[in-house]
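The values are calculated or read from the model by the stated rules, or taken from the named source; none is laboratory data. This one's a predicted model, so the numbers in the text were calculated from it and none came from an experiment. Note that we place each Cβ from the backbone using ideal geometry, even for glycine, and neighbour counts take in every protein chain shown.
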Amino acid sequence: MAGIGGLLAIGAVGALSVYANAPLIMAPFGASCVLLFSVPASPLSQPINVIGGHVLSTMVGLALRMAFPNEWWAAALAVGLAIAVMAALRVTHPPAGADPLVVFSSDPEWDFLFMPTLAGAVMLVGAATLFHRANGTPYPMEKV
């Protein structure tokens with residue numbers, strides 16, 4: 001079932017990207033789907049972690065890309081800082097650790113933070129919510 005969830009979620013986001021003529025997908029979202037559909041009860045799979053982790057990590061990547069040259073050490077610094085920020089704010093989402101590498105490899109503008117990062121992460125969480133509710137799996141998990 002997890003594979004079907006990932007197929008449907010990435011398929012929907014990818015199709016919407018084509019029809020909206022707007023980038024809504026990036027490689028780390030595939031890894032996010034592994035967590036969202038294989039282990040929906042994990043704290044790492046919860047909406048705040050998925051959305052917050054991707055947004056914060058991309059923000060760190062963009063800020064450091066603007067401040068430093070496009071060099072391996074700057075990308076490494078961005079990944080390390082993104083991990084530290086996610087941990088400090090308690091929104092760790094491992095796939096988001098790759099976001100600064102996407103930023104350094106593609107050199108986007110600040111609008112990348114909103115599309116594909118924020119919009120795509122929100123759509124994945126929405127797809128996971130619908131998928132799990134349709135299958136009777138609790139998601140998102142309630143905080144206690």
Report summary line: Exactly one of ALA27, ALA2, ALA31 is more than 15 Å from THR117 (Cα to Cα) and either out of contact with any strand residue (DSSP E or B) (no Cβ under 8 Å at 6 or more places or on another chain) or at pLDDT below 95 (or both), and that residue is ALA2
Query raised in the report: Between a first residue in segment 91-107 that is closer than 14 Å to ALA121 by Cβ and a second residue that is outside any helix (DSSP H, G or I) and of a type in the set (Gly, Ala, Ser), which pairs have beta carbons less than 8 Å apart while being 6 or more apart in sequence or on different chains?
Result: ALA98/ALA27; VAL102/ALA27
Report summary line: Out of (1) touching a helix residue (DSSP H, G or I) at 6+ places or on another chain (Cβ under 9 Å); (2) surrounded by fewer than 19 Cβ atoms within 10 Å (Cβ to Cβ); (3) not basic (Lys, Arg), the one PRO100 does not meet is (2)
Query - Lone qualifier among VAL79, VAL91 - being closer than 23 Å to GLY6 by Cβ and either in contact with a strand residue (DSSP E or B) (Cβ under 6 Å, 6 or more places away or on another chain) or among the hydrophobic types (A, V, I, L, M, F, W, C) (or both) - result: VAL91
Report summary line: (1) under 19 Å from ALA67 (Cβ atoms); (2) not aromatic (Phe, Trp, Tyr); (3) not in a helix (DSSP H, G or I) all hold for MET141 apart from (1)
Query raised in the report: Out of all the residues in segment 90-111, which are among the hydrophobic types (A, V, I, L, M, F, W, C) and under 12 Å from the mean Cα position of the chain (by Cα)?
Result: VAL91, ALA96, ALA98, VAL102
Report summary line: By residue number, the members of segment 126-144 that are touching a Ser or Thr at 6+ places or on another chain (Cβ under 9 Å) and under 12 Å from SER45 (Cα atoms) are ALA128, TYR139, PRO140, MET141
Query raised in the report: Among (1) in contact with a Ser or Thr (Cβ under 7 Å, 6 or more places away or on another chain); (2) not aromatic (Phe, Trp, Tyr); (3) not in a helix (DSSP H, G or I), which single condition is GLY97 missing?
Result: (3)
Query raised in the report: Do we have ALA82 as part of a helix (DSSP H, G or I) and surrounded by fewer than 20 Cβ atoms within 10 Å (Cβ to Cβ) here?
Result: no
Query raised in the report: For LEU124, are the conditions met, namely being crowded, with 19+ Cβ neighbours inside 10 Å and within 23 Å of ALA12 (Cα to Cα)?
Result: yes
Query raised in the report: For ALA134, which of the numbered conditions (1) loosely packed, with under 14 Cβ neighbours inside 10 Å; (2) within 14 Å of ALA9 (Cβ to Cβ); (3) of a type in the set (A, V, I, L, M, F, W, C); (4) touching a residue at least 40 places away in the same chain (Cβ under 8 Å) fails to hold?
Result: (4)
